[in-house]
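> Have a look at the structure that comes next, please.
Values in this text are rule-based calculations from the coordinates and carry no lab data. On a predicted model such as this, the values are computed, not experimentally measured, just so you know. Here the Cβ positions follow ideal geometry from the backbone for every residue, glycine too, while neighbour counts run over all protein chains shown.
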Amino acid sequence: MPVPTIVWEDGSCKIIDQTQLPGEYKVIALETIEQVWEAIKVLQVRGAPAIGIAAAFGVYIGVKDFESDEVEALLARVDQSVDYLASSRPTAVNLFWALKRIRDLAHASRSLAAGEIIQRILEQAVAMIEEDNRICKAIGDYGAELLNDGDAILTHCNAGGLATASYGTALAPVFRAKEQGKNISVFADETRPLLQGARLTAWECKQNQIPVTLICDGMSGTVMSQGKVQAVIVGTDRTAANGDVANKIGTFNLAVMANYHSIPFYVAAPLSSVDMSLASGAQIPIEQRSPEEITNGFGLRTAPEGIDVYNPAFDVTPHQIVTAIITETGVVRPPFEEGLQEAFERAGK
Ligand code: MRU
């Protein structure tokens, strides 16, 4: 069972500092809302579901020392905290989903005393951890049915336990299949420029005794053409109503390669990562990150001074080349709009 990425312990939000892996396994406490914002921004906590949970704790941290009994003033502070945390990263819809949930809960509790509302916010954030574990395990169950003993899957970035409360989305089918006694191995794309595949997915698979082989992003075509990969499974930061999938930059290339080789391309997506308000992926806001991540990755200058750089952190894979979306209420196949709608209905939403 993968390790918990985010916990509430001794009155603070504790996370594994993912910028330090794999060199150092370091747990840090986030004690101010600014620290939570910064941790999300610099990817100490990252991966769509984990970002959402961290932000929920962030709102609590932002209001926990509110001293007056003025409920309206407390709700204004909640709104301010929500808006501030929402400015940390734009693409993962889980961030906005979690913040909306906390804001709605606080406003719906306005008949209570201020202290009780604050307590409810904390309870909701803690409950999100358990909920996330349940959802990821359900994705694991549905996804494991798609895998056969002996299969190798290729994944991109990190959509494992570290990207969620603890169990992962894209890696959950692999963990579950292993629990069922199937032999599944993983190819991990190193995932330029921040190497989440090399630093996090490879580390996490090793921790969980999953056979893993690290490859450079540009090698996917080679391993597929050599028959070494039976399925691609990736996570998503935001999937639009038509099934277009935003995920870590490089995912689109992988999907095209999988399509060319007739290899199934699966997206593991909790419904909290599905944004039915957006008709297509063209409307998904894509985070642009600093040029230094490419020119000075991990402190080593690897490009000439003054070079022009383009660094979108995510791309959008068109739904036409997505084989299926694995949700917590079942595997959705095209046409995705109807299938995703039904997946929400099965979840009672
Ligand atoms: O920039 P990151 O590391 O937060 O990007 C993460 C991803 O792209 C993941 O694949 C996605 O958030 C799904 S996590 C279950």
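Results for (1) within 16 Å of the ligand (Cβ to nearest atom); (2) surrounded by fewer than 18 Cβ atoms within 10 Å (Cβ to Cβ); (3) basic (Lys, Arg); (4) within 27 Å of residue 283 (Cα to Cα), shown as yes or no for each residue.
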{"residue": "54", "(1), (2), (3), (4)": "yes, no, no, yes"}
{"residue": "57", "(1), (2), (3), (4)": "no, no, no, no"}
{"residue": "63", "(1), (2), (3), (4)": "no, no, no, no"}
{"residue": "67", "(1), (2), (3), (4)": "no, yes, no, no"}
{"residue": "72", "(1), (2), (3), (4)": "no, yes, no, no"}
{"residue": "80", "(1), (2), (3), (4)": "no, yes, no, yes"}
{"residue": "83", "(1), (2), (3), (4)": "no, yes, no, yes"}
{"residue": "91", "(1), (2), (3), (4)": "yes, no, no, yes"}
{"residue": "94", "(1), (2), (3), (4)": "yes, no, no, yes"}
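> Go through (1) over 21 Å from residue 175 (Cα atoms); (2) buried (at least 18 other Cβ atoms within 10 Å of the Cβ); (3) not hydrophobic (A, V, I, L, M, F, W, C) one by one and return the number of the condition residue 266 breaks.
Result: residue 266 fails condition (1) only.
> Let me ask you something else. Six or more apart or on different chains, Cβ atoms under 7 Å: show the pairs whose first residue is in segment 29-49 and more than 10 Å from residue 89 (Cα to Cα) and whose second is of a type in the set (Phe, Trp, Tyr) and away from the ligand (no atom under 14 Å from the Cβ).
Matching pairs, first to second residue: 33/84; 36/57.
> Go through segment 1-82 and tell me which strands (runs of 3 or more DSSP E), entirely inside it, have 1 or more residues that are in contact with a Cys (Cβ under 9 Å, 6 or more places away or on another chain).
Fully inside segment 1-82 and qualifying: 6-9, 27-30.
> Residue 278 - would you say it is more than 14 Å from the ligand (Cβ to nearest atom) and within 27 Å of residue 87 (Cβ to Cβ)? Can you show your working first?
Details: more than 14 Å from the ligand (Cβ to nearest atom): yes; within 27 Å of residue 87 (Cβ to Cβ): yes.
Considered against the rule, which asks whether it is more than 14 Å from the ligand (Cβ to nearest atom) and within 27 Å of residue 87 (Cβ to Cβ), residue 278 comes out as yes.
> So which of 279, 268 ends up being within 20 Å of residue 349 (Cβ to Cβ) and without any contact (Cβ under 8 Å) to a residue 40 or more places away in the chain?
Criteria check complete, one pass: 279.
> Moving to a separate point now. For the structure I just gave you, tell me whether residue 332 is out of contact with any strand residue (DSSP E or B) (no Cβ under 6 Å at 6 or more places or on another chain) and β-branched (Val, Ile, Thr).
No, not satisfied.
> For segment 121-238, which helices (runs of 4 or more DSSP H) that fit wholly inside it have 2 or more residues that are of a type outside the set (Ser, Thr, Tyr) and within 15 Å of the ligand (Cβ to nearest atom)?
172-179, 202-207
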